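First comes the structure, then the notes that go with it.
The values are calculated or read from the model by the stated rules, or taken from the named source; none is laboratory data. This is a predicted model, so every value here is computed, not measured. As a convention, Cβ positions derive from the backbone with ideal geometry for all residues, glycine included, and neighbour counts pool all protein chains shown.
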Amino acid sequence: MAHLFSRDRREMASNCRSPSIDLPSPFGELGCNLTHSELRETAYEIFVGAYRSSAGKPLNFIPHSDRNERSPSSASSLSYSPSTLSSSSTSHSLHRSFTSTAASKVKKALGLSSSKKSPAKESSSPSKSKKPVTVGELMRVQMRFSEQTDSRIRKALLRIATGQLGKRIESIVLPLELLEQFKSSDFPDQQEYEAWQIRNLKVLEAGLLLHPHLSIDKSDMSAQQLQQIIHGALKKPIETGKNNESMQILRSSVMSLACRSFDGTVSDTCHWADGSPLNFWLYQMLLEACFDANEETSLIEEVDELIELIKKTWVILGMNQMLHNVCFL
C-alpha cells in the first residue's frame, strides 16, 4: 500500500534528491527543491479548488468575525467559514454528516482495519448546537492546515471564481491565479508571503518546465522567459496584480506553456500539474489524509467519503481509476 511509503516520501520530498534510504519512492524523483510541506499545501489548494468547482453552487466566503452573526438557515448557497463549512443547502453528495458511518467498501476490499477514533467525531462538539463536521473540514484536519490558511485559500478561490465566471477548474492554472490574487497584506508578515510566492513559482517550474505534460523544446521562448522570472524572484519578489507588467509577462509565458496540445492547437484544458511524477507526488499528499495519523496502518472511518472528493482532482492531476489504484494499493 502506498501509505507504507509515506515516511520515506516525506524524507525524500524535503529536498527532492536521492537520500540513502531503504525504500525509494515508486513514483520517481522530482529533481527540484519542493519540500513535503510545499507539496502538501499545493495539493490542498488543488483539492479545495476542485471541491469548490464540483459543488455546483455559488461560493460565499464568510469572514471569521461574521460567522456567529449569521444563522445556518440564512445561508442560501454553499458557504465556507474558517471553522464551519456546512449549510442547509449544501450538496448532499459533498457534505455528509458523520453522525454515523457505514462499513467502508475500501477497507473491506483491502482487508484493512478501521481507526478506533474518527477524526470527524473527535473534532465534533458534544453540543447539539454545533453543526456536523463535513468532508471538506475533515480533509483540512487530516492534512493539518489551520483555519486561517484554509480561510485564505477559499477567499482567493472566491475572487478567482468571480473574475472567471463560467471557467472550469481545469481551464485555469491555479498557482498563477493565486499569485495574482494575493498581496503581502494577506499574510501575517512579509517573510511568509515571500515564501508562499516562491512556492507557487517552484510549482509552476516543476509542472511546466521540469515535468511538463508535453515535452518542451529547449529553445522555446516561453520556457526561457518563465525560467528567468523564477530565478529573478529568488532574488527579489515579483510584483503581482492584474495590471502589473511583470505579472502580465508571467501570465503570457505560463498560459503559452500550459495550453499546448499534441496536435499543436490551443487546448481548453490547462496542463500544469498532470505531468509525471509531479502528479503522483501531489496525489499521494491527498491519499495520506485517508490514514489515521496515530495508527499509520489504519484507514479513517470516513475514507469512502474522502476518496469520493479526492477523485474530483483527477481532471487537474491527469489521474484515472487505474492510476488511482496504482497510488493507493
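Summary table
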read-out	value
Considering residues of region 187-215 that are acidic (Asp, Glu) and part of a helix (DSSP H, G or I) only, the residue surrounded by the most Cβ atoms within 10 Å (Cβ to Cβ)	Glu205
Odd one out for Met255, checked against (1) closer than 17 Å to Asp220 by Cβ; (2) not in a helix (DSSP H, G or I)	(2)
Residues of region 275-329 satisfying the condition of being among the charged types (D, E, K, R) and free of Cβ contacts under 8 Å to residues at least 12 places away in the same chain	none
Check on Gly264, surrounded by fewer than 17 Cβ atoms within 10 Å (Cβ to Cβ) and either under 19 Å from Phe47 (Cα atoms) or not aromatic (Phe, Trp, Tyr) (or both)	yes
Failed condition for Lys155, given (1) part of a helix (DSSP H, G or I); (2) at pLDDT 95 or above; (3) surrounded by fewer than 20 Cβ atoms within 10 Å (Cβ to Cβ)	(2)
Met247 being modelled with pLDDT under 95, within 30 Å of Ser185 (Cα to Cα) and not β-branched (Val, Ile, Thr)	yes
Unique match (being in a helix (DSSP H, G or I) and either at pLDDT below 95 or among the charged types (D, E, K, R) (or both)) among Glu296, Glu239, Glu301, Glu305	Glu305
Any hit, region 309-321, residues being over 13 Å from the mean Cα position of the chain (by Cα), of a type in the set (Gly, Ala, Ser) and either farther than 21 Å from Phe27 by Cβ or surrounded by fewer than 18 Cβ atoms within 10 Å (Cβ to Cβ) (or both)	no
The lone exception for Arg9 - which of (1) modelled with pLDDT under 50; (2) surrounded by fewer than 16 Cβ atoms within 10 Å (Cβ to Cβ) it fails	(2)
Boolean, Gly275 is small (Gly, Ala, Ser), at positive phi and touching a helix residue (DSSP H, G or I) at 6+ places or on another chain (Cβ under 9 Å)	no
